[in-house]
Amino acid sequence: MSLKNVTDRFLMLSGVGESDLKRWTPLCRDSLEYIESRLKNKDNSNENVCRISSAAAALAYYSYCLTTGTSGNPKRFKAGDIEIEQDYTQLTESAKSLWLCEKEKISDLLKEEGFYFGRIIT
């Protein structure tokens, strides 16, 4: 899997400049490693590079939105007659929806999550 594919897609989603990419590359790497750790079969990952890269970038973007939305950035800025308001909650919810959509697209590649309830026979 290529971290470059993930960072390229992350740049597109986030609008972060290439000069700031170094700061966010660990986030992209962590997202890719998380998805790779959840793959059922590592052998077929090469044929699904685009889907996995898209999902990793979406997860990185969601994490980015969570990080930047809670880092003390102002939600409202006013200078004279000009007022700018940023709704980080809506942005974060959109990023979460994107991540869940991309995760669904690779669900056939991922190990099952969740709780198994069953009976143990001895």
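Surface composition of the chain: carbon plus sulfur atoms hold 51% of the accessible area, using a 1.4 angstrom probe and ignoring ligands, DNA and RNA. About its Cα centre, the dipole of the chain is roughly 300 debye, where the only charges are +1 on Lys and Arg Cβ and -1 on Asp and Glu Cβ.
Exceedance of the 22 Å cut-off in Cα-Cα distance is limited, within the set K22/K111; K42/K111; K22/K42; K42/K103, to K22/K111; K22/K42. Shown is the FRET efficiency for K40 and L91, computed with R0 = 30 Å from the Cβ-Cβ distance and rounded to the nearest 0.05: 0.40. Since only W99, Y62, N44 are under comparison, the one whose Cα sits farthest along the positive direction of the charge dipole of the chain, derived from C-beta charges on Lys, Arg, Asp and Glu, is N44. Given the alternatives (1) 13, 40, 28, 10, 7, 3, 0; (2) 13, 36, 33, 15, 3; (3) 12, 37, 27, 14, 7, 2, 0, 0, P(r) over Cα pairs in 10 Å bins from 0, in percent as computed for this entry is given by (3). Using the Karplus relation 6.51 cos²θ - 1.76 cosθ + 1.60 with θ = phi - 60°, the per-residue 3J(HN,Hα) values for the range 107-114 come to 4, 5, 9, 9, 5, 5, 9, x Hz, with x marking Gly and Pro.
Calculate the length of the line joining the C-alpha centroid of the range 32-49 to that of the range 94-116, in whole Å. Spelled out, the Cα-based centre of one part sits 13 Å from the other. In the chain, the longest principal axis of the Cα atoms and the axis of helix 21-38 are about 20 degrees apart. Ordering F10, L27, L109 by Cα displacement along the dipole of the chain toward the positive end leaves L109 in first place; charges were set at the Cβ atoms of Lys, Arg (+1) and Asp, Glu (-1).
Taking the helices alone, the chain has a mean residue ellipticity at 222 nm of -19000 deg cm²/dmol, built from -39,500 (n - 2.57) per DSSP H run of at least 4 residues and averaged over all its residues. Given R0 = 41 Å, the distance between the Cβ atoms of D81 and K22 translates into a calculated FRET efficiency of 0.65.
The values are calculated or read from the model by the stated rules, or taken from the named source; none is laboratory data. These numbers were taken from a predicted model, which means no experiment stands behind them. Heads up, the Cβs are rebuilt from the backbone with ideal geometry, glycines too, and the neighbour counts pull from every protein chain shown. Only protein heavy atoms, including side chains, enter the accessible area calculation; ligands, DNA and RNA are left aside. Shrake-Rupley method; radii C 1.70, N 1.55, O 1.52, S 1.80 Å.
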